[in-house]
Amino acid sequence: FLPVLNPANHSMVFVRTHARTVLKNNWYGIPEPTGFSSLPINRFDIVLLPLLAFDASGSRIGMGGGYYDRALEMVAGRQYYRTPQLIGLAFDKQKCSTIQARPWDVPLDGVFTESGFKLFTNYTRYFTL
């Protein structure tokens, strides 16, 4: 599944892909699948998120536009379930000392960098360290 942006309402869905999926550049120039088979975000176990920066508490700065924060807002207040796990993809040099999170920012559960994996939450259903 890959994200597909809807600039008209600033929303994002995740569309199923396969070997023959046709990709078309969106208005940001990012290739997106052209299919329509999507799943709601709560059906995923893990979502990998691009980011510009992160800190030691799991706060992140995204790519702008708030697409991921809006798509994942139902995850922010999770008390009774822990999926999907939100994992950032970054380089070590993208780590900041602190990021001032805004109320709508959805924190990461962990991050992968070239140095390895860092878990921010205490929940380890999917991860063994």
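The values are calculated or read from the model by the stated rules, or taken from the named source; none is laboratory data. Treat the numbers as computed from the prediction; the structure is a model and nothing was measured. Reconstructed Cβ throughout: ideal geometry from the backbone, glycine too, with neighbour counts over all protein chains shown. When the accessible area is computed, the model is the full protein with side chains, heavy atoms only, and any ligands, DNA or RNA have been set aside. Shrake-Rupley method; radii C 1.70, N 1.55, O 1.52, S 1.80 Å.
Descriptive notes on the structure:
- Test: residue in the stretch 22-40 that is of a type outside the set (Phe, Trp, Tyr), on the phi > 0 side of the Ramachandran plot and surrounded by fewer than 12 Cβ atoms within 10 Å (Cβ to Cβ): yes
- Residue count, the stretch 76-105 (criterion: in contact with a Phe, Trp or Tyr (Cβ under 9 Å, 6 or more places away or on another chain) and either among the hydroxyl-bearing types (Ser, Thr, Tyr) or modelled with pLDDT under 85 (or both)): 3
- Scanning the stretch 106-129 for residues being of a type in the set (S, T, N, Q), over 15 Å from the mean Cα position of the chain (by Cα) and modelled with pLDDT of 85 or more gives a total of 1.
Residue by residue, here is whether (1) in a strand (DSSP E or B); (2) open to solvent by less than 60 Å² (accessible area, probe 1.4 Å); (3) within 20 Å of Ile87 (Cβ to Cβ) holds:
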residue	(1), (2), (3)
Ala8	no, no, no
Phe14	yes, yes, yes
Thr17	no, yes, yes
Val47	yes, yes, yes
Val75	no, yes, yes
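- Cβ separations smaller than 6 Å between residues 6+ apart or across chains give the following pairs from the stretch 5-33 residues that are touching a residue at least 24 places away in the same chain (Cβ under 8 Å) to residues that are in a loop (DSSP other than H, G, I, E, B) and not aromatic (Phe, Trp, Tyr): Leu5/Asn26; Glu32/Asn26; Pro33/Thr17; Pro33/Thr21.
- Pick from the stretch 90-124, criterion among the hydroxyl-bearing types (Ser, Thr, Tyr) and either part of a strand (DSSP E or B) or under 14 Å from Ala53 (Cα atoms) (or both), ranking: least open to solvent (accessible area, probe 1.4 Å): Thr113
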